[in-house]
Amino acid sequence: MRRIVFAHCFLLAIIASAQTDILYQVSTLDALVGGVYEGKTTLGSLKTHGDFGIGTFNAVDGEMMLIDGLFYRVDGTGKVSLAPETERTPFAAVTFFEPDITLRSDSPVSMDSLYRFIDGRLPSENLFYAVRIIGSFGAVRTRSVPRQTKPYVKLTEVVKTQPVFSFSDVKGMMVGFRCPSYAKTVNYAGFHMHFLAQEGEGGGHVLGFSADKVRIEIDVTDGFHLALPDDPEFYRVDLSGDEEAVKRVEK
């Protein structure tokens with residue numbers, strides 16, 4: 001009997017370990033860009049799939065960061081607050097963050113140079129990676145968008161008037177994912193990062209930065225689960241793919 005119990009517990013441990021290396025995503029970035037701004041997934045439900053991640057809230061009411069199990073919102077004014085787990089999301093990506101690779105950059109470097117530095121140390125370009133960058137930044141540019149109201153317009157229209165925030169000589173944390181090129185139809189191929197200043201004075205979706213001295217933690221995430229919405233708006237949206245539209249929204 002003890003052998004059976006032990007084997008059962010061992011199997012559960014293996015399953016639990018495997019589940020921590022899954023990037024769990026609600027809906028697709030193309031759907032969000034296309035104006036699908038309401039989802040049924042609560043933050044509390046999302047949290048069962050990860051303690052780390054990024055996304056947005058219903059009506060695209062700010063930029064979301066999930067850090068150590070807490071949901072942070074940077075709203076359209078740049079204000080940072082904690083979001084209740086009863087709120088819902090139309091798009092988010094989360095995982096249980098367990099760093100497999102740790103890197104350091106101790107001299108000033110641009111965003112593109114740092115991303116190339118990271119890419120050069122990844123085991124493969126074909127996996128998903130959760131990325132956390134912590135330290136001092138010479139400059140950071142971020143954006144958020146104000147809460148939208150119906151009838152919703154596409155995100156490419158919303159970001160034309162997006163509030164942009166600039167930080168200089170700031171300490172903080174960037175969290176997000178590096179997705180492989182074949183994921184471009186469901187997420188952004190490359191680095192998709194959000195920023196939270198150390199003292200909580202601001203943050204948002206990262207548009208650009210320069211890093212002074214940072215620690216980079218990378219979780220190799222070799223599983224991907226896409227949870228598609230059961231929603232008429234998602235059923236109707238055109239998902240044939242507009243890579244340029246996604247790039248305009250992200251950049």
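The values are calculated or read from the model by the stated rules, or taken from the named source; none is laboratory data. Quick caveat: nothing in here was measured; it's all calculated off a predicted structure. All Cβ positions, glycine included, derive from the backbone under ideal geometry; neighbour counts span all protein chains shown.
Data for the structure
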{"read-out": "Only listed residue being buried (at least 22 other Cβ atoms within 10 Å of the Cβ) and assigned to a helix (DSSP H, G or I), chosen from 46, 23, 66", "value": "46"}
{"read-out": "So residue 104, is it of a type in the set (D, E, K, R), out of contact with any His (no Cβ under 8 Å at 6 or more places or on another chain), touching a residue at least 12 places away in the same chain (Cβ under 8 Å) and not in a loop (DSSP other than H, G, I, E, B)", "value": "yes"}
{"read-out": "Flag for residue 71 being surrounded by 13 or more Cβ atoms within 10 Å (Cβ to Cβ), free of Cβ contacts under 8 Å to residues at least 60 places away in the same chain, closer than 23 Å to residue 234 by Cβ and not β-branched (Val, Ile, Thr)", "value": "yes"}
{"read-out": "Test result for residue 39, loosely packed, with under 15 Cβ neighbours inside 10 Å, in contact (Cβ under 8 Å) with a residue 24 or more places away in the chain and not in a strand (DSSP E or B)", "value": "no"}
{"read-out": "Some residue of the range 169-185 being among the aliphatic types (A, V, I, L, M) and farther than 15 Å from residue 140 by Cα", "value": "yes"}
{"read-out": "Those residues of the range 237-249 which are among the charged types (D, E, K, R) and either at pLDDT 75 or above or more than 21 Å from residue 194 (Cα to Cα) (or both), in sequence order", "value": "238, 242"}
{"read-out": "Condition check for residue 167: modelled with pLDDT of 95 or more and surrounded by fewer than 20 Cβ atoms within 10 Å (Cβ to Cβ)", "value": "no"}
{"read-out": "One residue from 250, 244, 233 being out of contact with any Pro (no Cβ under 6 Å at 6 or more places or on another chain), more than 20 Å from residue 129 (Cα to Cα) and surrounded by 15 or more Cβ atoms within 10 Å (Cβ to Cβ)", "value": "233"}
{"read-out": "Residues of the range 25-62 classified as within 13 Å of residue 226 (Cβ to Cβ) and aliphatic (A, V, I, L, M), total", "value": "3"}
{"read-out": "Any hit, the range 96-111, residues being under 17 Å from the mean Cα position of the chain (by Cα), closer than 30 Å to residue 30 by Cα, among the hydroxyl-bearing types (Ser, Thr, Tyr) and surrounded by 14 or more Cβ atoms within 10 Å (Cβ to Cβ)", "value": "no"}
{"read-out": "Of all residues making up the range 110-148, the number that are part of a loop (DSSP other than H, G, I, E, B) and acidic (Asp, Glu)", "value": "1"}
{"read-out": "Helices (runs of 4 or more DSSP H) fully within the range 151-251 counting 2 or more residues that are on the phi < 0 side of the Ramachandran plot, in contact (Cβ under 8 Å) with a residue 40 or more places away in the chain and of a type outside the set (Val, Ile, Thr)", "value": "232-236, 243-250"}
